[in-house]
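The structure under discussion appears below in the form of structure tokens.
The values are calculated or read from the model by the stated rules, or taken from the named source; none is laboratory data. Note that the structure is predicted; figures quoted are calculated from it, not measured. Cβ atoms come from the backbone with ideal geometry, glycine included; neighbour counts cover every protein chain shown.
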Amino acid sequence: MPTVTTPAPTFEDVWRTMQEVALAHKEADRLIVELRESQKESQKENDRLMAELRESQKETDRQLKETDRQLKESARELKEAMKDTDQRLKALTRQMGAQGNRLGEFVQEMVRPAVVGLFQDRGWPVHQVLPNIVAYDDDRRFVMEIDLLVVDTATAIAVECKSHLTQADVDEHLERLSTFKRWFPQYAPYALLGAVAAMVLPDEVGRYAYRKGLYVLAQSGEAVEIRNDAKFQPKNW
């Protein structure tokens, strides 16, 4: 049976193979160098990006700190402004309260000389006017004050005087009338009537007081008049 014999490599074959291997090593070395260079470039780019990110973060932190400082400064200024406004409002409230008290006293002084005649004309035989009568409880705490009490031996008319009368003022006076005899027991046998007087008296408030059984006194030119008509029936507390 015939056999095939592989011829032994010649020197040229070996040399050619060695040359090919050497070229392959050189190509591999070149690729490795290129890869390393590429890695170096990538690392540089990464470092640059990281540096930019750190700078951006620093700038953001700086801006946040500045914003926080500005907010704190604005809050401090707003607090100071609110404190100043509050102080001004309190001062204005005190001034308005004092002005209101003075106006109320003016109304009271305007009404006081007229009430005896006004109520006598309505058939009540009153002869005395007691200003600013005040009641206290057993612990010496203030309970109520009646601006004007018009009296005779059997009738008492408690008058509340305001510069500007409101429905709330009427309700407060009704509450006072409901407990008046408890705190002024010397008037327990009296027929107790109520009245409100004002420099400024809105029509609806006057009608409300009328319906509640109160006499309604108001300024008319230089004088004071009773606004209740002849049909009015006062409430007796």
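Could you say whether any residue in segment 197-212 is among the aliphatic types (A, V, I, L, M), free of Cβ contacts under 8 Å to residues at least 24 places away in the same chain and out of contact with any Cys (no Cβ under 8 Å at 6 or more places or on another chain)? Within segment 197-212, none of the residues are among the aliphatic types (A, V, I, L, M), free of Cβ contacts under 8 Å to residues at least 24 places away in the same chain and out of contact with any Cys (no Cβ under 8 Å at 6 or more places or on another chain). So, Ala218, is that one among the aliphatic types (A, V, I, L, M) and without any contact (Cβ under 8 Å) to a residue 40 or more places away in the chain or not? Here the answer is yes, as Ala218 does meet what is asked. Does Gly117 meet the test of being more than 38 Å from the chain's Cα centre (by Cα), at pLDDT 85 or above and under 14 Å from Ala223 (Cα atoms)? Against the criterion (more than 38 Å from the chain's Cα centre (by Cα), at pLDDT 85 or above and under 14 Å from Ala223 (Cα atoms)), Gly117 qualifies. Applying the condition of being surrounded by fewer than 23 Cβ atoms within 10 Å (Cβ to Cβ) and within 32 Å of the chain's Cα centre (by Cα) to segment 171-194 and asking which residue is farthest from Ala135 (Cα to Cα) yields Asp171.
Identify, from the list Lys235, Lys162, the residue that is crowded, with 19+ Cβ neighbours inside 10 Å and either touching an Asp or Glu at 6+ places or on another chain (Cβ under 7 Å) or farther than 22 Å from Val107 by Cα (or both).
Of Lys235, Lys162, the one residue that is crowded, with 19+ Cβ neighbours inside 10 Å and either touching an Asp or Glu at 6+ places or on another chain (Cβ under 7 Å) or farther than 22 Å from Val107 by Cα (or both) is Lys162.
The set of residues in segment 212-225 that are over 18 Å from Asp169 (Cβ atoms) and either of a type in the set (Asp, Glu) or touching a Leu at 6+ places or on another chain (Cβ under 6 Å) (or both) comprises Glu222, Glu225.
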